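What follows is a set of notes on a single structure, which appears directly below.
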Amino acid sequence: MQQYQNVIQDKFGNVIVGASVAVYVYGTTTPATIYSGNGSGVLPSNTVTTNSLGEFAFYAANGRYSLSVSATNFVAENFTDFIMYDPADIGAVAASGVAFTPFGTIAATNVQNAIQEVVGDLSGSTGSSLVGFLQAGTSAQARTVQAKERDIVSVKDFGAVGDGVTDDTAAIVNALATGKDVMLPDGTYKLAPTSLQTISNNGYQRLFGEGNVTLSVVLASSINLFLFNGAVALENLTVNFNNGYARTAFKWAANAGNICIKDVRVSNLKDTDSTTGSITFWIIETGNTFEIDGVSASSMLKKGNGVIGDDAGSYNLIYVGGGSGSTQGSIQNVFVSEIHNIDASNQIIFEDTSSVYILTDSTDAKNRIEIHNVYGFNFGKRLIKIHASNVSIANVNGYSTEGDSLGVIGFNNAQGYGEKYGNVVNTASAYGLMESAFSSSAPKTTWKNLRASVQPGTKSGMSASSFGLLVLSNDTYVDGFWSDSQRDIAIGSSLQVIKNTSLKNVDLTINSTKANACTIHNTSDTTGFDGLTIEGVSATVDSAAPAASTAVIYLWDYLNGTTIKGRNLSISNVLVQTNGPLNSLGMNVKYCENVSVSDVKYLNTSGNSHYRLVDIENSVNVNVDDVTIEGTNQIGVFMKDCTGRNSVSRVYNQSASIFAVYNNNSSNVWVYGCNHDQVSGVTTATPQYSKNTVGTTASRPTTGLVSGYSQHFDTTLGKPIWWNGSVWKDAAGTTV
């Protein structure tokens, strides 16, 4: 037996005095028995009247009732579901099989309620707090701030204990069933359901902690925790999985609405069921938007099944996918550490984990997804995996010392989900042990301001190679990339010729960790490229570089055979500074057609006579312009077995120990604007160089002249003249 007090207000928040409140047995018109005191004083009727404060009060047994409220100048309001439970009895009542659906939206066309939980009756006598609810229609009306505040219920009102020992699952589920925002006061709430808990409310609803709140989850193998059919928001919660299972912890169904996860911390997962995948936060993209701000995860372990690439044995912290269509949403401020696959001996292995995984289907052209501020330490296989279109990523940092990481950001394409495109990354860093810091097999990927310092992983099944950036599809644009990785930038695919790649503002450090000649280069299985622009490269080769043939740009060793594999290659604005090995190279290009190299500078501070700055072989139509070398080297521009029409101009290499320009068996190589004494490979049958000179009429050159190319500025005449094959002519065509 408990007391209940309620305030009746109109839709403007004004209390209604003299309203008549009739109490009936639930679902009938049978008057209920109500009391004036706690267990005594049966009232002569089932009706009470609101006082000058708009309040009414009565005592009744725990149970379920219907109310009818009427007042002067107001149409009667019937509240079909009025439940009154002593908080201590809620668990028992629910266990008895009585349906527990305590609250819906108040229609309140003319009146509306405001709930007050009180201690004592109106006269001030001592009593116990009671939980009372009204339920009626679904119309929404303007409400006072005080009335809105009463839309929050506490799980303690539904019998939750929060001691970390008592199973509070039913209390939390029942509170959520009200459709109201649900507050968890300070405490540890044990969740130990034996089956999936489905919350079917529509609309937006919050489940939030007030203070220091922990959900202590204890699940059997392959048990899912919550399925939300509405937009239930999670806020200010700590979730501890107690080194146990969680197949899917929190899942939002299709068409749930605008989903919010804010300031949620998860830890201590150890799911040893390798026959399934595990997901902590799963949002079906169909009909949903999402806002995720502040998720941290630590010590999240999943037993793998030994098969890379399948679902069984995989783990995802935040997963958006499993439906169809486009979606909009944002993910920011994600912090993760120690997320791994493990084997039966609890040893970390290389398999399938992701901290953020977005997978949308072929109808995702209108995706608008932003991912900002993601930080991972020992994050497992992937920090961010994207198999979707139109995703914008910024401010990401991944660091792996464990050696089980594939990479920090990876974009996938096709595989039955349609072509993905339009993804952008701005400002991301990768450090430690991983296979490829950044990679994309999706076309139209933009990378800006990347930093990578990575070396190969250490786990079984991983590659012995490590890449800063892998370009695996068309129309890739890179602007701003620093790397001292084992291999810096690799371009190529076994599936297609890679088209239209642009690399700008690349800064490379070549040190003792560098694999032989693996800076900017092709992948080992490439089918070739068509359209590669490299503009703005600064490279430093230190004295500890491991291989004599290390090159800043190395495009030939992986071109598979002796046929042309690369087309339309443009390299410009390159600076190489070296104190490195004797035979270090600036660039080495082979099996390419239509090659343009311009504005290349080389500074040798080692004192050694280094190898070749520009080395181009077995290529067609090569043009090299404006090469400047400071310090000693052996050959400035080396060309071998090139065909088509080739030219070299303006090579400044006075300290070359062998030649500034050296041609080895290439045809139609035209060399001009160079020091004649520093050019080699000339034959009398095919003139292969010319020189521009300045001097008097008497000092005009007489050897090595090329018709139409050799130019002499005659200081005696005060004008330039050209050799036509037999005589000198001026610009007017007059023999001079």
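A few notes on this one:
- Where Thr363 falls short, out of the listed (1) hydroxyl-bearing (Ser, Thr, Tyr); (2) closer than 20 Å to Asp271 by Cβ; (3) surrounded by fewer than 17 Cβ atoms within 10 Å (Cβ to Cβ): (2)
Conditions (1) within 45 Å of the chain's Cα centre (by Cα); (2) buried (at least 19 other Cβ atoms within 10 Å of the Cβ); (3) without any contact (Cβ under 8 Å) to a residue 24 or more places away in the chain, marked per residue:
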position	(1), (2), (3)
Asn604	yes, yes, no
His610	yes, yes, no
Ile616	yes, yes, no
Asn621	yes, no, no
Gly631	no, no, no
Ile635	no, yes, no
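- Filtering segment 335-363 to residues that are more than 26 Å from Lys459 (Cα to Cα) and assigned to a strand (DSSP E or B) leaves only Leu359.
- Qualifying positions in segment 25-38 - at pLDDT 80 or above, crowded, with 16+ Cβ neighbours inside 10 Å and more than 12 Å from Ala57 (Cα to Cα): Ala32
- Of the criteria (1) polar (S, T, N, Q); (2) over 19 Å from the mean Cα position of the chain (by Cα); (3) modelled with pLDDT of 95 or more, which one Gln486 fails: (3)
- Subset of segment 487-526 [closer than 13 Å to Ser466 by Cα, charged (D, E, K, R) and not in a strand (DSSP E or B)]: Lys514
- Lys366 meets each of the listed conditions (1) more than 20 Å from Arg487 (Cβ to Cβ); (2) among the charged types (D, E, K, R); (3) touching a residue at least 40 places away in the same chain (Cβ under 8 Å); (4) assigned to a strand (DSSP E or B) apart from (4).
Conditions (1) part of a loop (DSSP other than H, G, I, E, B); (2) at positive phi, marked per residue:
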site: Glu370; (1), (2): no, no
site: Ser392; (1), (2): no, no
site: Asn413; (1), (2): yes, no
site: Gly416; (1), (2): yes, yes
site: Gly422; (1), (2): yes, yes
site: Tyr431; (1), (2): no, no
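- Among residues of segment 261-276, those that are surrounded by fewer than 20 Cβ atoms within 10 Å (Cβ to Cβ) and either touching a Lys or Arg at 6+ places or on another chain (Cβ under 9 Å) or not acidic (Asp, Glu) (or both), counted: 9
- Restricting segment 438-484 to residues that are buried (at least 23 other Cβ atoms within 10 Å of the Cβ) and touching a Lys or Arg at 6+ places or on another chain (Cβ under 6 Å), the residue that is nearest to Gly407 (Cα to Cα) is Phe467.
- Test for Arg382: is it over 12 Å from the mean Cα position of the chain (by Cα) and either within 18 Å of Leu269 (Cα to Cα) or not β-branched (Val, Ile, Thr) (or both): no
The values are calculated or read from the model by the stated rules, or taken from the named source; none is laboratory data. As the structure is a prediction and not an experimental result, all values here were calculated from the model. Positions of Cβ are backbone-derived with ideal geometry, glycine not excepted, and every protein chain shown enters the neighbour counts.
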